[in-house]
Amino acid sequence: MQPLEKMKIGNYQVHAILCETFALDGGAMFGTVPKTLWEKKFPADEQNRVTLAARALLISGEGRHILVDAGVGQKWSEKYQEIYQVSESFLEENLAKHDLSLADITDVIITHLHFDHVGGAIKYVDGKSDLAFPNATFYVQEENFDWAMNANPREKASYLKENLLPLQDSGKLKKINGNLELFPGVFTIVSHAHTRGQQLVKVSDGDKTVCFCADLIPTTAHAPLAWVMGYDLFPLDLMAEKKTLLDQAIREDWLLVFQHDLETEAGFPIKTEKGYRIGARVTIG
C-alpha cells in the first residue's frame, strides 16, 4: 500500500486513526457469502470470529480537530471483553502522533450509535460515566438517535443505554437532519439501509474527496454489491445505496476510508467485469 502521509484537502489534514481492534462473528460480518470465500480475505479463529479495526477519521483544520466515530471504548465487563476480544485502546497514542490529546478534539461526528462506533466517546471515572472528549460537541442524525433509543430486538445489543444516555444528558449532543455541509468542506451523507439514520462523512474541496464509509462499506471485501453483512437491516436497499456511492466515487475519483478493515485503511474503488472492487490501496495515518 502506498502511504499518503500528508492527505490535505482544502484547509484540512485528514488522517485515519485506529482506536482498537475487536472481533465479530464472520458469518454475521459476511451474511450469505459462503465462508470458503470470505475466509480467504478474513481468516476466522476457532470460534468463527474475524478480527476487525475500530477506525476513526481525524479532520484537522479551520480551527477544528474533528473526529468521526470514537471506537469501541474500554468500559467492558470481563465477559464482553472475552466475547468481542477488544484490544487495549490505541486512540490516545495515535492522536499523540499528531500532537493532539482527547481534550483537543473539538467535534465528534458519530456515524451511528452502535457500540463499536460510539463506545469510545464515553468513559468511566470512579464508577461514573463521563465524556472521553471533554471539550467536544457531538453530532448524530436525529433519526438515528430516536431509532437507537427505541431499539428493535435485532439491534438492541448494539444500541447500549450506557452510551446513549450520557450523551443525551451531557448538553453537548447536537441532533442534525439530512445531508448537510456541517463545516466548510465537511459533508454528511445519510444512509438508511444498515440502520436508520446512519451518516457517512465526506471531506471535499471540489478537487480531492475522502469519504468515510462507516458500515455502508465496512471493509474492502464489502465493495462487491452482494457482499452484505448479516447486521444490515435492509440488504436490498443497502446494495442500491452502495452502488450509488461507488458509482459517484469512481466517477469523481474519491478515496474511500474503511472503518473495519484492519489491513487496509483506504482505497480507490474500480469497476471490473466481475463488478466493484477496491483498486489502489493507501494509508493516510
Q: From the list GLU92, GLU88, pick out the single residue that is surrounded by fewer than 23 Cβ atoms within 10 Å (Cβ to Cβ), of a type in the set (Asp, Glu), over 17 Å from the mean Cα position of the chain (by Cα) and part of a loop (DSSP other than H, G, I, E, B).
A: GLU88
(Q) Pairs please, first residue from the stretch 261-273 and more than 12 Å from THR283 (Cβ to Cβ), second anywhere and of a type in the set (D, E, K, R) and modelled with pLDDT of 95 or more, Cβ atoms under 6 Å, 6+ apart in sequence or on different chains. (A) ILE270/ARG277
Q: Would you be able to say whether some residue in the stretch 100-121 is under 29 Å from VAL50 (Cβ atoms), assigned to a helix (DSSP H, G or I), open to solvent by less than 80 Å² (accessible area, probe 1.4 Å) and acidic (Asp, Glu)?
A: yes
Q | Residue tally, condition farther than 14 Å from ILE109 by Cα, touching a residue at least 12 places away in the same chain (Cβ under 8 Å) and open to solvent by 60 Å² or more (accessible area, probe 1.4 Å), over the stretch 169-200 | A | 2
Q: Identify the residue in the stretch 201-219 that is surrounded by fewer than 19 Cβ atoms within 10 Å (Cβ to Cβ) and not acidic (Asp, Glu) and, among all such residues, is farthest from the chain's Cα centre (by Cα).
A: GLY206
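The values are calculated or read from the model by the stated rules, or taken from the named source; none is laboratory data. A quick note: this is a predicted structure, and the numbers were derived from the prediction, not measured. Because the Cβ atoms are built from the backbone with ideal geometry, glycine has one as well, and the counts that use them run over all protein chains shown. All accessible areas refer to the heavy atoms of the entire protein, side chains included, with ligands and DNA or RNA removed. Shrake-Rupley method; radii C 1.70, N 1.55, O 1.52, S 1.80 Å.
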